[in-house]
Amino acid sequence: MSEEKSFPVLLTFDLDAETLWTARDPENAKRPIALSQGRYGTKIGADRVLRLLAKYRLPATFFIPGMVIEAHPDLSRRILEAGHEIGHHSYSHRWLDNLPPEEERLEMDRAWNIIKDLTGEPPRGYRSPAGEFTPQTFSLLLEYGFAYSSNFFDDEAPYKHVLDGRKTDLVELPFAWALDDAPFFLYSNRLVGRVMAPPSAVLETWQREFDVMSAEGKCYVLAMHPQIIGRGSRITILEELIRYILGHPRAYFSRCDRLVEEIGPRL
């Protein structure tokens with residue numbers, strides 16, 4: 001990578017669909033209107049995102065639960081054929097800290113095999129559903145040969161995890177709630193206390209985060225959900241952000257797996 005293009009930008013999308021709702025509360029499976037909020041992501045939002053990425057010829061990483069890949073194989077293939085990475089996001093999106101160890105392993109194994117069957121290769125990256133690990137998650141990631149995790153909030157630059165006093169080859173691509181669309185936009189009459197932020201405020205937040213991270217030479221990881229960012233008022237701010245970043249001389253867009261291949265040996 002040239003000196004001019006030295007600041008990596010990662011656009012990541014968690015394509016959770018209905019699992020965002022069924023994993024939160026199994027009773028939501030009986031609530032068709034609640035589920036329709038997730039269905040919007042696979043019905044409209046994902047294609048809107050794909051068109052935007054294609055317009056600017058940008059690579060991205062999609063973290064997709066195995067259950068969603070099974071339910072939407074054509075969409076999953078279109079994401080892959082557009083040149084994007086498909087990362088591991090569990091099988092059912094159930095919260096790991098509510099699962100016994102044998103069920104966490106099953107979630108890992110089922111989705112790992114589904115992604116391998118779809119792409120022809122094992123998944124390289126993992127993002128946890130609902131943003132938490134259990135005491136055995138790291139062991140599973142190492143056992144299944146993952147190259148990176150994108151889960152932790154403790155830094156703004158990639159680093160390798162240290163476990164039991166030993167540096168591993170597992171690279172962390174950290175992000176933050178300030179760089180996630182859900183805290184700003186995820187609303188439901190069943191999520192008490194939630195309000196929606198104006199898109200202009202979110203754009204300002206994301207631009208200012210970019211300004212500071214680029215000035216300090218960090219790594220910009222934006223986490224989004226097609227069912228959220230795919231809405232008309234929100235996809236426009238993502239496009240504005242993309243145009244803003246493209247105007248920065250040192251910034252370049254990458255898939256998570258390709259960035260880790262590039263920088264991993266140096267960490």
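The values are calculated or read from the model by the stated rules, or taken from the named source; none is laboratory data. The structure displayed is predicted, hence computed values, not measured ones. Note: ideal-geometry Cβ built from the backbone for every residue, glycine included; neighbour counts use all protein chains shown. These area figures cover heavy atoms from the full protein model, side chains too; ligands, DNA and RNA do not enter into them. Shrake-Rupley method; radii C 1.70, N 1.55, O 1.52, S 1.80 Å.
Loop-located trypsin sites (Lys or Arg not before Pro) in the stretch 90-195 (DSSP state other than H, G, I, E, B) with a sparse environment of at most 16 neighbouring Cβ atoms within 10 Å: Arg190, Arg194.
Could you order Lys218, Lys5 so the one with the most accessible surface comes first? Probe is 1.4 Å.
On the way: Lys218 50, Lys5 70 Å².
Of Lys218, Lys5, the descending order of accessible area is Lys5, Lys218.
Which chymotrypsin sites (Phe, Trp or Tyr not before Pro) from the stretch 154-197 combine a DSSP loop assignment with at most 15 other Cβ atoms within 10 Å? When the chymotrypsin sites (Phe, Trp or Tyr not before Pro) of the stretch 154-197 are filtered for loop state and at most 15 Cβ neighbours within 10 Å, Tyr187 remain.
Mind running the shape call on the stretch 145-255? Use the C-alpha gyration tensor, a ≥ b ≥ c as the square roots of the eigenvalues: rounded below 1.5 for a/c, prolate if a/b tops b/c, oblate otherwise. Judged from the Cα gyration tensor, the stretch 145-255 comes out oblate (a/c at least 1.5, b/c at or above a/b). Distances between every pair of Cα atoms in the stretch 75-133, grouped in 10 Å steps from 0 to the bin holding the largest one, split as 23, 51, 23, 3 percent. State the antiparallel share, in %, of DSSP beta bridges confined to the stretch 124-243, rounding to the nearest 5. Just about 45 percent of them are antiparallel.
With only Cα atoms counted, the stretch 33-97 has Rg and Dmax values of 12.4, 39 Å.
The overall shape of the stretch 1-153, judged from the alpha-carbon gyration tensor, is oblate: a/c is not under 1.5, and a/b is no greater than b/c. Listed by chain and number, the lysines placed with their C-alpha closer than 25 angstrom to that of Lys43 are Lys30, Lys55, Lys116; residues fewer than eight positions away on the same chain are left out. Using the alpha carbons alone, the radius of gyration of the stretch 154-210 stands to its Kirkwood radius in an Rg to Rh ratio of 1.17. Probing with 1.4 Å while keeping every protein chain in the model, the per residue accessible area of the stretch 131-192 equals 48 Å². Take the alpha carbon gyration tensor of the stretch 15-56, find the square roots of its eigenvalues, order them as a ≥ b ≥ c, and report rounded if a/c is under 1.5; if not, report prolate when a/b exceeds b/c, else oblate. The shape class here is prolate. Between Ala82 and Lys30, what's the calculated FRET efficiency when r is the beta-carbon distance and R0 is 45 Å? Round to 0.05. With a Förster radius of 45 Å, E is 0.85. Between the exposed loop cleavage positions of the chain, defined as GluC sites (Glu not before Pro) in a non-H, G, I, E, B DSSP state with at most 13 neighbouring beta-carbon atoms within 10 angstrom, the longest gap is 133-267.
Straight-line cross-link reach from Lys167 at under 22 Å between alpha-carbon atoms covers these lysines, not counting any fewer than eight positions away in the same chain: Lys218. For Glu156, neighbours were defined as the other residues whose beta-carbon sits under 12 Å from its Cβ, and their charges (Lys and Arg +1, Asp and Glu -1) total -4. Inter-label distance, Tyr187 to Arg105: 4.5 nm, where each label sits 7 Å from its Cα along the C-beta direction. Using only the C-alpha atoms, the convex hull of the stretch 67-221 corresponds to 155 Å³ per residue. Close amide H pairs (under 5 Å, H built 1.01 Å from N) link Leu163 with Thr168, residues at least 5 positions away or on another chain. Built from the Cα atoms of the stretch 1-77, the convex hull projects on average onto 6.5 nm², one quarter of its surface area.
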